[in-house]
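Structure, as structure tokens:
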Amino acid sequence: MKYTETKLKGCFVLEPNLFEDNRGHFFESYNKAQFDAGIGAEINFVQDNQSFSVKGVIRAIHYQIGKHAQAKLVRVLHGTVLDVAVDLRKDSPTFGEHFAVELSHENKKQLFIPKGFGHGFSVLSDKADFFYKCDNYYNKSAERGIIYNDAHLAIDWKVAKNDIIISEKDMKLLSFKEALI
């Protein structure tokens, strides 16, 4: 596995070693010892989640606060998404900046998003199965979010305005400045 740190400290793109032949392919998607060494930290994942979405869906920037904050390792099992991590660590030199990468079943890339970050994605293919590991359990009372079209973040979700599909819940999220007061 190749680990490449993004411009956001602690956030990594992972690219597997793919073994292919006439039967198909094989790759190791997760190995705890190698993962911890690759990112330079020990992470203990406790929950796996999976979602299915159709083209044009934007799942806005979500995160949990306090002792319920989560680190995530995300990947796409089928389809293509634009995956976005937002640095919400107020003491970070990249506070308020985001990083985006296409994840797909074809490129098999993964993104590690550390605690203190928000996370969202948009679906670029007709359908997408999205899978992620979390190092902390979901806690509804600690859940927060930032509206997808926040002017400060200025994320290009790569979805035409008329094609955007977003939940009612995500349409009610706060702006970046309001969310972090």
Taking the criterion of being surrounded by fewer than 14 Cβ atoms within 10 Å (Cβ to Cβ) and more than 27 Å from Asn162 (Cα to Cα), would at least one residue in the range 119-126 satisfy it?
no
So which residues in the range 9-35 are surrounded by fewer than 17 Cβ atoms within 10 Å (Cβ to Cβ), of a type outside the set (S, T, N, Q) and within 18 Å of the chain's Cα centre (by Cα)?
Lys9, Glu15, Tyr30
Which of the residues belonging to the range 139-160 are in contact with a strand residue (DSSP E or B) (Cβ under 7 Å, 6 or more places away or on another chain) and in a loop (DSSP other than H, G, I, E, B)?
Asn139, Ile147, Tyr148, Leu153, Ile155, Trp157, Lys158, Val159
So which residues in the range 86-112 are touching a Leu at 6+ places or on another chain (Cβ under 8 Å) and in a strand (DSSP E or B), if there are any at all?
Val86, Asp87, His98, Phe99, Ala100, Val101, Glu102, Leu103, Gln110, Leu111, Phe112
Within the range 1-34, residues being under 18 Å from Phe99 (Cα atoms) and among the small types (Gly, Ala, Ser) number 1
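Taken together, the values in this text are just the output of simple stated rules run on the coordinates, not laboratory data. The structure displayed is predicted, hence computed values, not measured ones. Every residue, glycine among them, receives a Cβ derived from its backbone with ideal geometry; neighbour counts consider all protein chains shown.
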